[in-house]
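A quick write-up on the structure given underneath.
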Amino acid sequence: MPLRIGFDMDGVLADFGQAFHEVETGLFGRVSADEPAREEEVQETKARRSEDAGLSEGSGRKPEGTRLEADESEKIPAVIEDARVAKIPAGETRRRRDLVWRNIQSTPNFWLTLKPIDADAVRRIHEMMLRHRWEVFFITQRPKTDGDTVQRQTQRWLVEQGFDLPSVLVLTGSRGAAAGALRLDYHVDDNAQNCMDVISDSRAKPILIVPDADEVSVKSARKMGVGTARSIAECLDILEQATRAHTHPALLQRLASLVGWR
């Protein structure tokens, strides 16, 4: 039986962080030259998933009490590279963040403009899909923009990157529930909460991409039974090994111990 594998889009395949930052810079210019501080602010923004991002249709803000979808808030880089260094009030930071989102949502086919994180990754997934007879799903919770639907934009982007006939699912609910409904064997994501949802609500084994040698995140993920990889390239190496070992329980168990799965 072919393996069924899900891939998150932003932060795994598409570089939404850079695109968001370019919109931010175009609107406000660079606030701080301290580029390393930006990653700390990115992680803080991800942690405030219930506070940040997204604009509801018409109002310019999501209604109070609405739980933000994971990919909208989890993938948002800082509007201010480091608001604490720049000493910008929190209210102003939020206002600017909303303005960046408004600009994104009014840009026709914004999701087609994103650059790949790894120029070879999508083409490699396609080759591995054909060779191993995988069933592949690309999963996202991107908010809509002007132009084509999110699904259509994402499909076109994937085709441009070298994957014909991509299956794209645009979700509004739990990543774990989707993994369960799709009967995934593996799911690749860059958000730890999504990976935990996958463990809780499905039988899929998640792989969390943790770049920049973040040992704390790696240890925390593995403690919870979430596999980790440093990049999408390393993740695909793991999936290659998992595919070959799938009918050999001893080999699969050895790989699980190396990756971090329980």
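All of the numbers you see were taken from the coordinates with simple rules; none came from a lab. Computed from a predicted model, the values in this text were never measured in an experiment. Cβ sites come from the backbone with ideal geometry, for glycine too, and all protein chains shown count toward neighbours.
Once the piece of chain linking ALA233 and VAL216 is laid out straight, how much longer is it, given 0.36 nm per residue of separation minus the C-alpha distance between them?
Separation in residues times 0.36 nm, less the Cα-Cα distance, equals 4.0 nm.
Classify segment 193-232 as rounded, prolate or oblate from the Cα gyration tensor: take a ≥ b ≥ c as the square roots of its eigenvalues, call it rounded if a/c is under 1.5, otherwise prolate when a/b beats b/c and oblate if not.
Prolate shape, in that a/c is at least 1.5 and a/b is the bigger ratio.
Residues with amide H under 5 Å of LYS205's amide H, sequence separation 5 or more or different chain, H placed in the peptide plane at 1.01 Å from N; which?
TYR186, HIS187
How large is ³J(HN,Hα) for each residue in segment 9-24, as worked out from phi by the Karplus curve 6.51 cos²θ - 1.76 cosθ + 1.60 (θ = phi - 60°), to whole Hz, x for Gly and Pro?
Couplings: 9, 6, x, 10, 10, 9, 8, 5, x, 5, 5, 4, 4, 5, 5, 4 Hz.
State, in angstrom, two size descriptors of segment 104-262 derived from its alpha carbons: Rg to one decimal place and Dmax to the nearest whole number.
Cα radius of gyration and Dmax of segment 104-262 are 16.0, 52 Å respectively.
Just subtract the alpha-carbon distance of ARG262 and LEU165 from 0.36 nm times their residue separation and send over the number in nm, one decimal.
31.6 nm
Sorting check: for 252-260, 148-156, which peptide has the highest mean count of neighbouring beta carbons within 10 Å, and how do the rest follow?
Top of the packing list down: 148-156, 252-260.
Convex hull over the alpha-carbon atoms of segment 161-217: what's its volume per residue in Å³?
113
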